Amino acid sequence: MALLYTVIRVLLGVFFLLAGAVKLTDHISAEVNQQLKQQFVQFAEVFPLKDLGYKPESTQYMLVVGWIEAVTGLLLAFGPQLLQEISNFILTVIMIGAIYTLLLLKEPLAMCAPATVCLGLLLLLNVRGRIGRSKSKFE
């Protein structure tokens, strides 16, 4: 069972690494990068901290999210356990923000599916990690 969780963690980490890389460069897929640039204009309009007076510039917003996803994805997949847990938390927050943003934009629920699946897998890894640590304390 531990192997299954390791495979999920590594695949999810590589997925986020690639998702971040697509946001950072147009060398992987120029078409997807261009679509993301257009989407991040909308995402910046409903940025959660907008009510507090902060609205990011869409290109910078996309680059920041891309770097966060790439670095945390790499650490989730291949980093030491502490950094995996920190990365999991950061990516969980990012996915909650993504779902929130898509719902505010009234996107179809199908658009929320990738973020929802990723959030579910991140939470599964988090719960599994907590259960594994509590069992080892009692053994």
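Just flag the GluC sites (Glu not before Pro) in segment 46-126 sitting in loop per DSSP whose Cβ has no more than 15 other Cβ atoms within 10 Å.
On the way: sites: E57, E69, E85; in loops: E57.
Sparse-neighbourhood loop GluC sites (Glu not before Pro): E57.
Using the heavy atoms of the protein chains and a 1.4 angstrom probe, tell me the accessible area per residue for the chain in square angstrom.
Working: 8740 Å² over 139 residues.
That works out to 63 Å² per residue.
Work out from phi, with θ = phi - 60° and the Karplus expression 6.51 cos²θ - 1.76 cosθ + 1.60, the ³J(HN,Hα) of each residue of segment 108-121, listed in order in whole Hz, and give x for Gly and Pro.
Those phi angles translate into x, 4, 4, 5, 7, 4, x, 5, 5, 5, 4, 4, x, 5 Hz.
Using a probe of 1.4 angstrom, how much of the accessible area of segment 65-107 is carbon and sulfur, in percent?
Numbers: 1830 of 2290 Å².
For segment 65-107, the apolar C and S fraction of the accessible surface comes to 80 percent.
Taking Cα centroids, how far is segment 10-36 from segment 48-87 in Å?
13 Å
About its Cα centre, how strong a charge dipole does segment 3-101 have in debye, to the nearest 20, once Lys and Arg get +1 and Asp and Glu get -1 at the Cβ?
Values: 5 positive and 7 negative charges, 16 e Å.
So the magnitude is around 80 debye.
Using only Cα positions of the chain, each an equal point scatterer, no hydration layer, compute I(q)/I(0) via Debye at q = 0.09, 0.13, 0.15 Å⁻¹ and quote the log10 values to two decimals.
After summing over all Cα pairs, the log10 values are -0.30, -0.60, -0.77.
Multiply the residue separation of E31 and I96 by 0.36 nm, subtract the distance between their alpha-carbon atoms, and state the gained length in nm to one decimal. Intermediate values should be presented prior to the final figure.
Details: separation 65, 0.36 × 65 = 23.40 nm, distance 2.56 nm.
Between E31 and I96, full extension yields 20.8 nm more.
For segment 1-63, treating each Cα as an identical point scatterer without solvent, what Debye log10 I(q)/I(0) comes out at q = 0.19, 0.24 1/Å?
After summing over all Cα pairs, the log10 values are -0.76, -0.92.
Quickly work out the V7-to-L123 label distance, labels modelled 7 Å from Cα along the C-beta direction, and quote it in nm with one decimal.
Using points 7 Å along Cα→Cβ, the separation is 2.4 nm.
Using only Cα atoms and rounding to the nearest 10 degrees, what angle (0 to 90) does helix 81-104 make with the longest principal axis of the chain?
Between helix and principal axis, roughly 40 degrees.
Given only helices, namely DSSP H runs of n ≥ 4 each adding -39500 (n - 2.57), what is the per-residue ellipticity at 222 nm of the chain, to the nearest 500 deg cm²/dmol?
Numbers: 5 runs with 114 residues, N = 139.
Calculated from helices alone, the mean residue ellipticity at 222 nm is -28500 deg cm²/dmol.
Which residue, M62, M111, M95, has the most motion in a Gaussian network model of the chain that connects Cα atoms within less than 10 Å?
Among M62, M111, M95, the largest GNM mean-square fluctuation belongs to M111.
The values are calculated or read from the model by the stated rules, or taken from the named source; none is laboratory data. This is a predicted model, so every value here is computed, not measured. Because the Cβ atoms are built from the backbone with ideal geometry, glycine has one as well, and the counts that use them run over all protein chains shown. To get the accessible areas, we keep the full protein, side chains included, count just its heavy atoms, and leave off ligands, DNA and RNA. Shrake-Rupley method; radii C 1.70, N 1.55, O 1.52, S 1.80 Å.
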